[in-house]
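Data first, discussion second: the structure below is written as structure tokens.
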Amino acid sequence: MTDGDDPGTDVTDDDDPGTDSAGSRARSRTDERGRIRITGFDADRVRDRDPLSERGDEAAGGTNGGTAAEMDGRWRRGLRRFGRNRSAMTALAIVVSMATVSLLARPVEVLGVVVQPFALAPYDPTTILYLSVDPSVSPYDPPSWRFPMGVDGSGRDLFSRVLVGGRYSISIGFVVVGLTASFGLAYGAISGYYGGVVDEVMMRIVDVVFAFPGLVLALVVVATLGGGYWQLVVAFSLFGWAGYARLVRGEVLSIAEREYVVAAKAIGARDRAVIRRHVAPNALSPLVVLASLNVGSVVIGVAALGFLGLGMDPSTAEWGTMLDATRETLIQGPGGRIPWWATVYPGGAIFVFVLAMNVIGDGINDALDARTTGVGRDGRGGRKERDGGDRGDRGGDES
Amino acid sequence: MSLRRFVVRRALSVVPVLFGVSVITFGLFHLTPGDPVSQLVALNPDVSAAEEARLRERWGLSGPVWRQYLAWLSNVLVGDFGRELRTGRAVSGILWRRLPETIVLGVFGWAFAIAIAIPAGIYAAVNKGRLGDVAARVLALSGVSIPNFWLGLLLILVLSLYLGLFPVLPPSRLPLYHPETLRYLLLPGVTIGTAAAASVTRVMRTSMAEELNEEYVTAARARGLPERTVVFKHVLRNSLVSVVTLAATLTAGIVAGSVVVESVFNWPGLGSEFVRAIDRREVNVVMAITLVTAVAVVLANLLADVLYAVLDPRIRYD
Amino acid sequence: MTAVLEVEDLTVRFYTEEGVVTAVDGLSYRIEAGETFGVVGESGAGKSVAALSVLGLIDSPGRIEGGEVRFEGEDLLSMDESELRSVRGDEVGTVFQDARAALNPVYTVGEQIAETIEHHLGYPPSAARDRAIRLLDRVGIADAETRYSDYPHEFSGGMCQRAAIAMALSCDPELIVADEPTTALDVTVEARILDLLAELADEFDVAVQLVTHDLGVIAGTCDRAMVMYAGEAVETAPIEELYYDPKHPYTAGLMSAIPRVGDDDDRLPTIPGTMPDPIDPPPGCRFHPRCPFAEEACTRTDPALVDPETGEAATLDDDRAAACLEYTEGLSGGLDYSVEVAGGTGEHVEKTIDERDEGGPDE
């Protein structure tokens, strides 16, 4: 901002209080003797000669690429940094293996055709052990070699149920986030890019959606539609996009001001092209961070509905639903014994998955953080060293 | 713009949002098949067609949708949320009885969150990279990841069942003003506040660490101010701004959390009433609680924005 | 003349993920009471780090590794935090590059000035407020009484910098460290702020360490100046001599790169290349990869800062020093740049360093 811009300053730097005092003593000195010019400092000599030492040629500085190349580099750099982040990589391994295990735990049939034949779980999650496997098993048997997580209140193998139990929550988590993030991206990009009345109306709608806590709305939707897989997807998707929309709109507003977007508009690029080529890619990295963190909250939400007895059928092997089934017995305790395993393992599975998802989200955030990737070589004065230092600090965080 | 004008303008902007909230609440229940009357009829097959029509008339369920909406809205505005279908009790009476329980729980949750998170966030940011910071970060990350219903069950399991420190579940609870209530309040309050505490710690730590890198901090140190003044006067107020922006979202989280946590602990507030009403298809109760919830979040949002403007003078000028 | 500040062999390193950055490497200089001392160099030369280290304001992962910083005879580096704090803001004021960023956005400008006064001078709030208002008035802020309660965002950039100067002066310091105080400002505002600074330095009889990347800023305000390159001082000289008789090729390069109105040259001469990687600086003279006069010897020997006349190692008391092998071993090609001074009457004074220094003492 220049001084003239500020309407509040009636007297600004324009009328200066003391230019011609002794203050400018030094200035006059050099002026008196006229202009100085250096000759003979011939830069071409450096460019033309052979480098004096093996690392001599500092003259060949790198040049900046266009936006596309920059973006590309940013994602690649982010990927590399993510790869170096040990806790995030561990978390990624946990998420991948939990998802894989829940898929491979029992065979999957689609329309009567077996598409996934593996069965890692020792028992079928709905098998009541004392009826068909071993009559000596009774409900709430503690963990043993045969049943590593114990037996639940209906005499079913908890280990098998926990392995399978991720199917619903995890897949709903990813499906919901995929749907809501795509819709939110489009919604926010349109709102931010067009601005004006369009933006105003679209953002008021977002405000309204934001007024309802996600879980409350999901409960209402499930109450009217009933429980079930796709009903849960609808329940969490219907209003879950608002966060993405608001985030993307904010990003778009700040990006739309930047020179290359203004330039693209000025040379007459069509709106859709500008959004797709310039605006959306930039808004993408915070979107990815939010999405990765949101998978965890949807998983918790699905489990919470299950826990409240509203998600899936009560006998379903789903983490939250399993906790609901054990709630009453936990409180009363059958015959003085407390079947802690029926509470600890299903809930622990949710916790570990969500924790890993959040660690991944944090890792993506650190890896794509515009503040660190944006540090160029154009530091001001000695600040460059500090930026470098900040990165060192961050490195410490990761381990 | 003065602070007062900012507040007035912001308060006025709440009106269209509240209108939208009422439309969505109404729409959610009335665009789906099966209004309260047909449910009532299903419960009681002796109702004649004439009686059914009269009931619809009386409950404002006849005529075009917009007229039904207006009838509902005008009733709601004077505090009439209709009646429970099974018992015929006024929904507003249920609201008034349950609301204080939930408010007490929510306020306790918030207080717990603030009391833990602000000091923890400051500590972690100031000691960035050291052991205490790592511990705070791991705890905070666990706190945002733990499902509140599981946390509640674990607390009951360990503290009540194994250690016997707290009453398991109150068969009939003492009134709120009774001093014993605090013992019942502690576990659900901590459970509901944990997520908020963890989020605030994370935000506080990040924003504080960011603010500590700002030039004005170096400048304040260059002026010879003691580190205490720099951190608690200069940096803290700036970092609180980010916490305040988060406050509305967290309040929504606590409101949603109350639904689950009250069910875990049999806390007789709006949340457990909500679940019960959904179970029993008491549409009027569900609608009323949905609406109250949304209004509470909108008001929390307003409050957060005002606080924001108080803390950061730049906001008032936008 | 007595020295206000004497810095001797200051070394500052940053321990980063990529490696150890030696931001300031064995830097020595002195500032005398009441004088304005310029520190000039390109971005990344370590000027700002040096200025901040003097006050112990380097944050982790930066560390002051060695040297002495004597302020009025006392070593600041051996002081503990609380002793150092009583010097900062009280006896040494600081002005930062971006004045708006250096002010806390959530407190009024006046409050922040008064806060410093209350803290160091023990004034009661109302007296501190009066003093702050007088200072704001003195640095040329109109209606200072009202402006006292304005927030930084209500000030223009130039006014912020004026307020920052008022803050630096608020406790009658002996020295003001100004770190690129005008870089963020418009050219017209810059000139006024520099004049104000010079004027107040005179009036308050305070020494100024003026850090800048702009030789033009130095020319107008400083008595003496030091040129830094890659963490080291390469030349120190009284301001006139620096301009009319630069001894180091880097100084000459900086000066040839100043654009001038009316130059008929179609291309602005620049120093080729960029500042070397601070983690792994080039061997020998750090400037050699960019120096048109560099020879094989420059890749091997790191030149010491010497008196260019005698070739003897420079001390803190020397006004004139340069770090180029030409003044110790001598370069076979010499430094064949020259300074032309075009006076108003069109007369040409030409002086070739090459001639004078041919056959230096150490040859």
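The values are calculated or read from the model by the stated rules, or taken from the named source; none is laboratory data. On a predicted model such as this, the values are computed, not experimentally measured, just so you know. No Cβ is skipped: glycine too gets one built from the backbone with ideal geometry, and neighbour counts run over all protein chains shown. The protein model used for the area step is the full one, side chains on, heavy atoms only, and it has no ligands, DNA or RNA in it. Shrake-Rupley method; radii C 1.70, N 1.55, O 1.52, S 1.80 Å.
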Hits in segment C:274-300 (condition: touching a residue at least 24 places away in the same chain (Cβ under 8 Å) and either outside any loop (DSSP other than H, G, I, E, B) or closer than 22 Å to C:Val20 by Cα (or both)) = C:Met275, C:Pro276, C:Pro278, C:Ile279, C:Asp280, C:Pro281, C:Cys285, C:Arg286, C:Phe287, C:Arg290, C:Ala297, C:Cys298
task = Residue by residue through segment B:246-265, note down the ones that are over 15 Å from B:Ile103 (Cα atoms) and without any contact (Cβ under 8 Å) to a residue 60 or more places away in the chain.
result = B:Leu246, B:Ala248, B:Thr249
ask   = Just checking, which of C:Ser43, C:Ser82 is open to solvent by 20 Å² or more (accessible area, probe 1.4 Å), at pLDDT below 90 and more than 12 Å from chain B (Cβ to nearest Cβ)?
value = C:Ser43
task = For segment A:205-227, indicate whether the set of residues that are open to solvent by less than 40 Å² (accessible area, probe 1.4 Å), more than 12 Å from chain B (Cβ to nearest Cβ), touching a residue at least 60 places away in the same chain (Cβ under 8 Å) and assigned to a helix (DSSP H, G or I) is non-empty.
result = no
Hits in segment C:280-339 - residues which are hydroxyl-bearing (Ser, Thr, Tyr), over 21 Å from the mean Cα position of the chain (by Cα) and within 30 Å of C:Gly73 (Cα to Cα) = C:Thr310
query = Would you pick out the residues in segment A:97-125 that are part of a loop (DSSP other than H, G, I, E, B), open to solvent by less than 60 Å² (accessible area, probe 1.4 Å) and over 20 Å from A:Pro148 (Cβ atoms)?
reply = A:Pro107
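How many residues does segment A:245-291 contain that are in contact with a Leu (Cβ under 9 Å, 6 or more places away or on another chain), β-branched (Val, Ile, Thr) and over 20 Å from A:Met203 (Cβ atoms)?
Taking segment A:245-291 as the starting set, the residues that turn out to be in contact with a Leu (Cβ under 9 Å, 6 or more places away or on another chain) are A:245, A:247-248, A:251, A:280, A:283-290.
Now drop any that are not β-branched (Val, Ile, Thr), which leaves A:248, A:288-289.
Now narrow it down to the ones that are over 20 Å from A:Met203 (Cβ atoms): A:288-289.
So the answer is 2.
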Among (1) over 18 Å from the mean Cα position of the chain (by Cα); (2) more than 9 Å from every other protein chain (Cβ to nearest Cβ); (3) among the small types (Gly, Ala, Ser), the one test that C:Gly158 misses = (2)
request  = Among the residues of segment A:36-80, write down those that are buried (at least 16 other Cβ atoms within 10 Å of the Cβ), at pLDDT 70 or above and either under 26 Å from the mean Cα position of the chain (by Cα) or part of a helix (DSSP H, G or I) (or both).
outcome  = A:Ala43, A:Val46, A:Arg74, A:Trp75, A:Gly78
request  = Report, ordered by the first and then the second residue, all pairs with beta carbons closer than 9 Å, sequence separation of six or more or different chains, a first member in segment B:148-164 that is without any contact (Cβ under 8 Å) to a residue 12 or more places away in the chain and facing chain A (nearest Cβ under 8 Å), and a second member that is open to solvent by 10 Å² or more (accessible area, probe 1.4 Å) and not in a helix (DSSP H, G or I).
outcome  = B:Leu154/B:Ile146; B:Leu157/A:Ile338; B:Leu161/A:Gly333; B:Leu161/A:Ile338; B:Leu161/B:Val168; B:Tyr162/A:Ile338
key: Output for segment C:68-79, where each listed residue is surrounded by 19 or more Cβ atoms within 10 Å (Cβ to Cβ) and in contact (Cβ under 8 Å) with a residue 40 or more places away in the chain   = C:Val69, C:Phe71
ask   = Consider C:Thr270 against the criteria (1) hydroxyl-bearing (Ser, Thr, Tyr); (2) more than 24 Å from the chain's Cα centre (by Cα); (3) over 24 Å from C:Thr22 (Cβ atoms): it satisfies all of them except one. Which criterion is unmet?
value = (2)
Selection count where residues are over 15 Å from B:Tyr308 (Cα atoms) and away from chain C (no Cβ under 14 Å), scope segment B:219-249 = 0
request  = Considering only segment B:219-256, state which residues are open to solvent by 20 Å² or more (accessible area, probe 1.4 Å) and β-branched (Val, Ile, Thr).
outcome  = B:Thr229, B:Thr245, B:Thr249, B:Thr251, B:Val255
task = Mind counting the residues in segment C:22-40 that are open to solvent by less than 10 Å² (accessible area, probe 1.4 Å) and either charged (D, E, K, R) or out of contact with any Ser or Thr (no Cβ under 9 Å at 6 or more places or on another chain) (or both)?
result = 2
Residue selected from segment C:265-292 under the condition at the interface with chain A (Cβ under 8 Å from one of its Cβ atoms) and modelled with pLDDT of 85 or more, by the criterion surrounded by the most Cβ atoms within 10 Å (Cβ to Cβ) = C:His288
note = Cβ pairs under 7 Å, 6+ apart or interchain, first in segment B:65-84 and farther than 12 Å from B:Leu95 by Cα, second aromatic (Phe, Trp, Tyr) and assigned to a helix (DSSP H, G or I), ordered by first then second residue, are B:Tyr69/B:Phe26; B:Trp72/B:Phe26
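Matching residues to (1) in the same structural domain as B:Leu250 (by TED's automatic domain parsing); (2) more than 26 Å from B:Ser263 (Cβ to Cβ); (3) buried (at least 17 other Cβ atoms within 10 Å of the Cβ):
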residue	(1), (2), (3)
B:Ala113	yes, no, yes
B:Ala117	yes, no, yes
B:Ala120	yes, yes, yes
B:Ala124	yes, yes, yes
B:Arg137	yes, yes, yes
B:Val144	yes, no, yes
B:Phe149	yes, no, yes
B:Leu155	yes, no, yes
B:Tyr162	yes, no, no
Of all residues in segment C:318-337 being in contact (Cβ under 8 Å) with a residue 60 or more places away in the chain and not in a strand (DSSP E or B), the one that is farthest from the other protein chains (Cβ to nearest Cβ) = C:Asp318
inquiry  = Just to be sure I understand, how many residues within segment C:166-193 are within 12 Å of chain A (Cβ to nearest Cβ) and surrounded by fewer than 24 Cβ atoms within 10 Å (Cβ to Cβ)?
reply    = 7
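Please determine, by comparing only the residues of segment C:203-242 that are in contact (Cβ under 8 Å) with a residue 40 or more places away in the chain and facing chain A (nearest Cβ under 8 Å), which one is surrounded by the most Cβ atoms within 10 Å (Cβ to Cβ). Break it down stepwise before answering.
Here is the first cut: in segment C:203-242, the residues in contact (Cβ under 8 Å) with a residue 40 or more places away in the chain are C:205-218, C:221-239, C:241.
Narrowing further to those that are facing chain A (nearest Cβ under 8 Å): C:211, C:213, C:221-223, C:239.
Working: C:Val211: 31, C:His213: 21, C:Thr221: 26, C:Cys222: 25, C:Asp223: 19, C:Ile239: 21.
It comes out as C:Val211.
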query = Counting only residues that are under 19 Å from the mean Cα position of the chain (by Cα) and polar (S, T, N, Q), how many does segment B:193-226 have?
reply = 3
query = Counting only residues that are open to solvent by 20 Å² or more (accessible area, probe 1.4 Å) and of a type outside the set (Asp, Glu), which one in segment B:200-218 is farthest from the other protein chains (Cβ to nearest Cβ)?
reply = B:Val203
